[in-house]
1. Kindly establish whether residue 141 is closer than 17 Å to residue 220 by Cα and open to solvent by 40 Å² or more (accessible area, probe 1.4 Å).
2. Can you spot a residue in region 103-126 that is modelled with pLDDT of 95 or more, among the hydroxyl-bearing types (Ser, Thr, Tyr) and under 21 Å from residue 199 (Cβ atoms)?
3. Given 108, 118, which one is assigned to a loop (DSSP other than H, G, I, E, B) and over 22 Å from residue 202 (Cβ atoms)?
4. Given the condition among the acidic types (Asp, Glu), more than 20 Å from the chain's Cα centre (by Cα) and surrounded by 14 or more Cβ atoms within 10 Å (Cβ to Cβ), answer yes or no: does some residue in region 181-196 qualify?
5. For a quick check of your reading: which helices (runs of 4 or more DSSP H) sit entirely within region 1-75 and have at least 3 residues that are free of Cβ contacts under 8 Å to residues at least 12 places away in the same chain and either open to solvent by 20 Å² or more (accessible area, probe 1.4 Å) or closer than 19 Å to residue 203 by Cα (or both)?
6. Residues to consider are 156, 101; find the one that is among the β-branched types (Val, Ile, Thr) and within 30 Å of residue 48 (Cβ to Cβ).
7. State which residue pairs qualify: first residue without any contact (Cβ under 8 Å) to a residue 60 or more places away in the chain and inside region 108-128, second residue assigned to a loop (DSSP other than H, G, I, E, B) and open to solvent by less than 60 Å² (accessible area, probe 1.4 Å) in any location, beta carbons under 9 Å apart, and separation of 6 or more residues or different chains.
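The values are calculated or read from the model by the stated rules, or taken from the named source; none is laboratory data. Here the structure is a predicted model, which means the values were calculated and not measured. As a convention, Cβ positions derive from the backbone with ideal geometry for all residues, glycine included, and neighbour counts pool all protein chains shown. Surface areas here come from the heavy atoms of the whole protein model, side chains and all, with no ligands, DNA or RNA. Shrake-Rupley method; radii C 1.70, N 1.55, O 1.52, S 1.80 Å.
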Amino acid sequence: MNPQQTAAVEDKDGAILVIAGAGSGKTRVLTARICALVESGVSPYNILAITFTNKAAGEMKERIEGVLGDSVSVWTSTFHSMCARMLRMDAERLGYTRDFTIYTELESERVVKRVCDSVQGADVKRKGSYLDHISRAKTAALPPDEYYEEIKDVVTDARTVALVYRAYEQELKNSNAMDFDDLLLKTVDLFEKCPDVLERWQNRFRYINVDEFQDTNRLQYKLVRMLAAKWDNVF
């Protein structure tokens, strides 16, 4: 590795930002740093590695095990997989059971089609648009009323969008289900409502490593900030 890469790998504590172009070995540096942490005495149990695709997470895991051996297990996953795993442990704190269903996009679309029948003015032909609005609202962590205030001056059927969003949420809750965006949103909600749960994860993950950090959305960024708040070891 070049001097800059070596410096990133060997810098251990505190918040660290690595800026590098595509194909310059960012993932290699990140995995090498994780291995260096373990070799310096940090328990693999206290390390978290987050990336954006299952393929990237799998490749990162393989690289780490290639250096440290497959008996060393570092939690390596996407944001959504991480959140799903966390929610399975404490879903009842939010009024769900641990075996809640995670809806696919097709299942979410079916829910929107059903609720359109009960929402006055809703047009089932606009189900795709409603789903886009719902996803946008959840990514911004905005409930139906707040999302309405956000879009009322620019979206002609803003009131209908908010009503469909509210009915959609109620239908998911009644079915003990979450959609893909909920995995992030409900995890933030869990951490905010249950400080003991957040502290448990903070105590576990003393070193947090995020690949492609520039691609994090508001919720993902908030999750990282919450998890890293105690030790401030985020790479």
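1. yes
2. no
3. On the way: 108 fails: assigned to a loop (DSSP other than H, G, I, E, B).
Testing whether each residue is assigned to a loop (DSSP other than H, G, I, E, B) and over 22 Å from residue 202 (Cβ atoms) leaves just 118.
4. Step one: list which residues in region 181-196 are among the acidic types (Asp, Glu), which gives 181-182, 189, 192, 196.
In the following step, the residues that additionally are more than 20 Å from the chain's Cα centre (by Cα) were identified as none.
No, that holds for no residue.
5. Values: elements: 3-10, 26-39, 54-68.
Because the criterion is at least 3 residues that are free of Cβ contacts under 8 Å to residues at least 12 places away in the same chain and either open to solvent by 20 Å² or more (accessible area, probe 1.4 Å) or closer than 19 Å to residue 203 by Cα (or both), the helices (runs of 4 or more DSSP H) in region 1-75 that meet it are 3-10, 54-68.
6. Values: 156 fails: within 30 Å of residue 48 (Cβ to Cβ).
Within the list 156, 101, the selection yields 101.
7. From residues that are without any contact (Cβ under 8 Å) to a residue 60 or more places away in the chain, the pairs are 110/103; 112/122; 115/122; 116/122; 121/157; 122/157; 123/157; 126/157.
Listed here are the residues, each with its yes/no results for (1) at pLDDT below 95; (2) within 14 Å of residue 96 (Cβ to Cβ); (3) aromatic (Phe, Trp, Tyr).
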| residue | (1), (2), (3) |
| --- | --- |
| 161 | no, no, no |
| 172 | no, yes, no |
| 175 | no, yes, no |
| 180 | no, no, yes |
